Amino acid sequence: MARAKLSKADKVALGSLQAANVPVAVQSGDEKNYGPGIDGLLGMSFLSRFEVEIADNFVEVRTRRQKGP
C-alpha cells in the first residue's frame, strides 16, 4: 500500500507518444523510490491509450492502428 495525491497531467510523453489529460497518482518524496534513473511508473491511465506488447526481453508501446472501414 502507498500514499499518493491524485491529480491530472496535462500531457504525458513516452518518446514520441503523447497523451493528454492523464489521471496520475503522485507520491511524496519520502516514499520508497523505484530505483536509479526511474522517476515513476506508467499506469493503465496512460498505457490503455496505446497498443502494448510484452515479450520475453522487451516491452513495446505504439500508437493504436486505425481500424479499416
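Which value, in debye to the nearest 20, describes the size of the charge dipole of segment 17-60 about its Cα centre when Lys and Arg Cβ atoms bear +1, Asp and Glu Cβ atoms bear -1, and nothing else is charged? Display every interim value, and only then the final one.
On the way: 2 positive and 7 negative charges, 36 e Å.
Charge dipole of segment 17-60: 180 debye, to the nearest 20.
Based on Cα contacts under 8 Å between residues 6+ apart, the chain shows a relative contact order of 23 percent.
May I ask for the Rg/Rh ratio of the chain, computed from Cα atoms with Rh as the Kirkwood radius, given to two decimals? Mind dumping the intermediate values first?
Details: Rg = 14.4 Å, Rh = 14.1 Å.
Result for the chain is an Rg/Rh of 1.02.
Coordinate-derived values only; no laboratory data. Small disclaimer: the values here were computed from a predicted structure and weren't measured. When we count neighbours, we look across all protein chains shown, and the Cβ atoms used for this are built from the backbone with ideal geometry, even at glycine.
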